[in-house]
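Computed from the coordinates by the stated procedures, all read-outs in this text should not be read as laboratory data. Everything quoted here is computed from the prediction, not taken from an experiment. Positions of Cβ are backbone-derived with ideal geometry, glycine not excepted, and every protein chain shown enters the neighbour counts.
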Amino acid sequence: MNLATAAALLSLLLTSTSAFAPTHTLRRPNLRLHSTADNEVDCLVIGGGISGSTLAHNLHRSGVNMLLTEARDYLGGNVKSRKEDGFIWEEGPNSFATQPSIVRIAHELNIDDQLVFADESLPPWVHHNGKLHPLPKGKGGKGPKGQLELVFGSNGVLKFGLLGDLLSIPGTIRAGIGAFLGHPKAPEGKDETIREWVTRTLGEEVFLRCIDPFVSGVYAGDPETLSMKAALGKIARIEKYSYDIEWNKFGAIFYGGLARQVELTKERKADPPDPSWVDFEYGNPGSFKEGLSTLPNAISEGLGQPVGVPDFVSGSKVRLQWKITSLQSDSNGGYLATYDTPEGEKTVKAKTVVSTAPAHALSEVIRPVLPKVSSLLESSRKVRQQKGIYHPPVYAVTVAYPKKAFKDVELANHFGPLRDLPGFGSLNPRTEGVRTLGTLWSSSLFPGRCPKDYNLLLNYIGGSRDVGIADLSVEEVINEVDKGCRQVLLKEDAPKPKVLGAKLWPTAIPQYEIGHLELMEELEREEKNTPGLWICGNYRSGVAFPDCVTFGYDHAKVVKDFLQK
C-alpha cells in the first residue's frame with residue numbers, strides 16, 4: 001500500500017508489539033494456614049519466563065528479598081536459542097522490537113556488547129500473486145517525511161499500488177479515502193475485531209493483503225475474532241487522535257498517525273535514554289549475538305543460578321523444576337505456596353506473590369485464594385469455544401537451504417536478488433494458499449547466524465486458524481514448511497532442507513479476542529480483594545518481548561511500594 005496512513009499503521013505494528021498494577025484493599029479469603037516453610041521471602045515470583053525473570057532481576061537489584069520459581073529446568077519460557085555446526089537459531093521468538101527497557105536491562109547485566117540490530121532500511125515482504133512485495137517499512141524511512149515519500153516517491157511522483165502492485169487501483173483509492181478524507185465512525189459501544197476496524201477505516205484489500213498476514217505473524221491469530229482495542233490498542237488509538245484534531249471532522253487516519261508520531265517524539269525527548277547505553281533506534285528488530293536466550297541466561301547467573309545447572313545451588317534466588325501445586329493465605333497475612341520439586345514437597349512463605357505463569361496453568365493453584373479468578377482462567381487452554389484466554393498451537397521450524405537454491409529474481413525497488421534475502425522475512429496472506437504463516441529470514445537479520453553459503457529460515461506454522469497442525473507428525477510439519485518455502489522462495493530443483501529445529505508450542509501465544517478487556521477488568525476487580533497478590537503475564541501486559549521486559553521494571557516498583565507501605 002503506497003499510502004502514508006498504512007505506512008504509519010504497519011510501522012506501528014512492527015515497532016510497538018507493548019501491567020496492570022492493582023491496588024490493595026479490603027478483605028482476604030477466610031482460609032488461614034499455620035506452617036513452617038522451607039523458605040521465607042518478601043516476594044515470591046512464580047514463573048521464570050521473560051516477564052518473571054526480568055521482574056526477579058529488578059526486585060533483587062532493588063534489595064527485595066525474593067525467590068523466583070520455575071517449573072522447567074531453565075529460565076526464559078518460550079525463549080530458547082540453539083547453536084550447532086555454525087548455525088544459531090531460535091525455537092520461539094526470533095527477535096524484539098527495540099525499546100529502552102531492553103537496552104537498559106542489557107546494560108545492567110553487562111551484556112549490551114552482545115546486542116545486535118537489523119538493517120532498518122530493509123522491509124518485510126508479503127507474498128501475493130506469486131511475487132514478493134515490500135511493505136511500507138523500508139527506504140521511505142520513519143516519520144512524516146518517510147511516510148510522504150511512500151505516497152509520492154522521493155522525486156514527488158505519485159505511485160499507485162504498494163511499491164508495485166500489491167493493491168489494485170480501486171483498493172488504493174479506497175485506502176486513500178480513509179487516509180486523507182475520512183471513514184465511517186465505529187459503532188457505538190462495539191468491541192470491533194481487527195478485520196472490522198481495518199475494513200471500516202482503510203478497506204478490504206488493505207486488510208487482506210497487509211494486515212491479515214501481520215496478525216498471523218504477530219499473534220498466530222484470527223483477525224475475525226481478535227479485539228482491535230485489546231490486541232492492537234496502540235494502533236486503534238490513532239483513530240481517536242484523528243478525531244481529536246478539530247478540523248479533521250471525518251477522522252482521516254493519516255493525520256492521527258502524524259499527531260501520534262509528534263507526541264511520541266516529545267515523549268522520547270522528555271525521557272531520553274541514558275547516555276551510557278548503546279545507541280539504538282526505537283522499534284528496530286534486535287537480538288543478541290548468541291540469540292535471545294542471552295538475556296534470561298544472564299539474569300539466571302545474576303541471581304546465583306549457573307546456566308545449565310537445574311539443581312539447587314546454595315545462595316541462589318532461583319528454584320528450577322519447582323512445580324507449584326497450591327497457593328493459600330497464611331495466618332500472618334501473607335501467602336504459603338506448595339511445590340512439587342526434585343527434592344520432594346517444598347513450601348515457601350511470602351509477604352507478596354506475583355504469578356507470571358501462563359493462564360492455563362493457574363486455575364487450580366489459585367482457587368483457594370481467588371476462586372472467581374480461578375473460574376475465569378480454568379478454561380483458558382486449547383479449546384477456543386470455551387470462555388477464557390485461548391492459546392493455539394504453533395510450530396517453530398528452522399531450516400536452511402544453500403543460497404544457490406533460491407529463485408533467480410530481482411526484488412522490487414532495487415532491493416537486490418532474492419538469494420540475498422534483503423529484508424526481515426516474508427508473510428503469507430491466508431488467501432495465497434501457503435500454510436506457513438510467515439518465514440523470518442534469520443541469517444539476513446543478524447550476523448553470524450549460519451555459514452556464508454546458506455540462508456537460515458525460521459518458519460511459524462499453525463495458530464488459531466490451523467489448530468490441526470498439532471496433530472501432524474514432525475515429518476509432516478517439515479514437509480508443509482518445505483512446500484511453503486518452495487512456493488515463495490526456492491527454485492523447483494532446490495535440495496531438501498537442512499532441518500535444524502522443529503518445536504511445537506501446544507499452548508503458544510495468548511489470544512486477545514473479543515471480550516478480553518472485560519475479562520481483564522473482572523480479574524483486576526477480584527484481585528483487589530487479595531492485597532499483595534498479583535496474577536500477571538503476557539495475557540495482561542502484552543505478548544511482545546519488550547512488553548514483558550517493561551513489565552519487569554514497572555511491576556517491581558508496585559511490589560516494592562506495597563512492601564514499604
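Tyr512 sits among other residues whose Cβ lies under 13 Å from its own Cβ, and their net charge, with Lys and Arg +1 and Asp and Glu -1, is -3. Sorting Arg430, Arg237 by the number of Cβ atoms found within 10 Å of their own Cβ, with the fewest placed first, yields Arg237, Arg430.
Each residue of the stretch 285-290 was assigned a 3J(HN,Hα) from its phi angle through the Karplus expression (A = 6.51, B = -1.76, C = 1.60, θ = phi - 60°), giving x, x, 7, 10, 3, 9 Hz with x at Gly and Pro.
Excluding same-chain neighbours fewer than eight residues apart, the aspartates and glutamates reachable from Lys240 by a Cα-Cα span under 20 Å are Glu188, Asp191, Glu192, Glu196, Glu263, Glu267. Each DSSP beta bridge with both residues in the chain is either parallel or antiparallel, and the antiparallel ones are about 75%. Scaled to the globular estimate 2.2 N^0.38 Å, the Cα spread of the stretch 239-329, given as radius of gyration, is 1.88. Restriction of the GluC sites (Glu not before Pro) in the stretch 477-526 to DSSP coil positions whose beta-carbon has at most 12 other beta-carbons within 10 angstrom yields Glu492. From the cross-link list Lys372/Lys565; Lys190/Lys565; Lys234/Lys349; Lys80/Lys317, which pairs have alpha carbons spaced over 32 Å apart? Distance filter (> 32 Å) returns Lys190/Lys565; Lys234/Lys349. In a DSSP loop and with at most 12 other Cβ atoms within 10 Å, the GluC sites (Glu not before Pro) in the stretch 171-253 are Glu188, Glu246. Computed on the stretch 361-492, with alpha-carbon pairs under 8 angstrom and 6+ residues apart, the relative contact order is 23 percent.
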